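First the structure, in the form of structure tokens, and then the observations on it.
What follows draws every value from the coordinates through simple rules; no lab data is involved. Just so we're clear, the structure is a prediction, and the values are computed from it rather than from any experiment. As a convention, Cβ positions derive from the backbone with ideal geometry for all residues, glycine included, and neighbour counts pool all protein chains shown.
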Amino acid sequence: MITEPRVHPIFSANMHLVLGRDADLLIDSGMGVAPLRPYVDALRPDTERPLICLSTHTHVDHIGAVHEFDQRLVHPIEAQEHANPTSYSLRTDGISEAFRTLFRKAGYEDLWPLLIDALPWAGYDVDSYVLRGAPPTGMVEDGDVIDLGDWQAEVLHLPGHSPGQVGLFDHDSGTLFGADAIYDGPLICDDQATSVTDYAATLRRVRDLPVKVVHGGHDPHFGKARLDEIVETYLAKWGA
């Protein structure tokens, strides 16, 4: 797991690097406040091996450094946003009151003036930050398999937090990469952009999987008992 620890908790997403025999897989690419590829390559025993970047969805905290990678996968619903994302700033004064209210109601602390509380290096210009995005080089849909040679995971379409969000399930180990569909923190469903009904169906789907461990898009990993507790809490909260 790779994190950007000096980013505001709402926007500090987990990235996961899976090392395989024939290829490596990076799940999400954070905010891209600082270059990510050199850090990722330093963790890889063989940098000649292909590296695939899977964007679980196209929110700013999951595609910030995607342009640094040559192989880029996303669900077709979010392909256009992946290629040409909505512009973003590290300054939060442009974030609408509607989104601030959404975050507060979910249970997050108020936004800071900047989305970071430290600079990656002296002289870093926060106003130079640009969310670039990049055209996907391939698409993934529900039921597809990502195969690294000695590791395979099924692609799960998990709408609700965003329309084209995907997760991965490794059936052999019972490992779920749940993206922002399920993590051990305040879940966010913006019912102006996505469907509460879809999100409820997604939660039921992941609950019914033979999961042993969940690596979410935010916060620490957890097991099946906690997964069930989170699902039941939010189904009740959303009246689903």
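Return the residues of the stretch 172-211 that are under 19 Å from residue 25 (Cβ atoms) and without any contact (Cβ under 8 Å) to a residue 24 or more places away in the chain; say none if nothing qualifies.
Scanning the stretch 172-211 gives a single hit, 172.
Going through 92, 58, 47, 86 one at a time, which residue ends up being surrounded by 13 or more Cβ atoms within 10 Å (Cβ to Cβ), more than 18 Å from residue 218 (Cα to Cα) and of a type in the set (S, T, N, Q)? Write out each step before concluding.
Numbers: 58 fails: more than 18 Å from residue 218 (Cα to Cα); 47 fails: surrounded by 13 or more Cβ atoms within 10 Å (Cβ to Cβ); 86 fails: surrounded by 13 or more Cβ atoms within 10 Å (Cβ to Cβ).
Answer to the check: 92.
Name the residues in the stretch 212-233 that are part of a loop (DSSP other than H, G, I, E, B), more than 19 Å from the chain's Cα centre (by Cα) and either crowded, with 16+ Cβ neighbours inside 10 Å or of a type in the set (A, V, I, L, M) (or both), would you?
The initial filter retains those residues of the stretch 212-233 that are part of a loop (DSSP other than H, G, I, E, B), namely 212, 217-221.
With more than 19 Å from the chain's Cα centre (by Cα) added as a condition, the list becomes 212.
Selection gives nothing.
So, of the residues in the stretch 95-124 that are among the charged types (D, E, K, R) and free of Cβ contacts under 8 Å to residues at least 60 places away in the same chain, which turns out to be surrounded by the fewest Cβ atoms within 10 Å (Cβ to Cβ)? Before the answer, list the steps.
In the first step, residues of the stretch 95-124 are kept if they are among the charged types (D, E, K, R); the result is 97, 100, 104-105, 109-110, 117.
In the following step, the residues that additionally are free of Cβ contacts under 8 Å to residues at least 60 places away in the same chain were identified as 97, 100, 104-105, 110.
Details: 97: 7, 100: 14, 104: 13, 105: 10, 110: 10.
Among them, the one singled out is 97.
Quick one: in the stretch 1-44, of everything that is under 12 Å from the mean Cα position of the chain (by Cα) and of a type in the set (Val, Ile, Thr), which residue is surrounded by the most Cβ atoms within 10 Å (Cβ to Cβ)?
Only one residue tops the list, namely 27.
Quick test for you: out of 155, 140, pick the one residue that is touching a strand residue (DSSP E or B) at 6+ places or on another chain (Cβ under 6 Å), surrounded by 15 or more Cβ atoms within 10 Å (Cβ to Cβ), over 17 Å from residue 209 (Cβ atoms) and not basic (Lys, Arg). If you could, list the steps in order and put the result at the bottom.
Numbers: 155 fails: over 17 Å from residue 209 (Cβ atoms).
The match here is 140.
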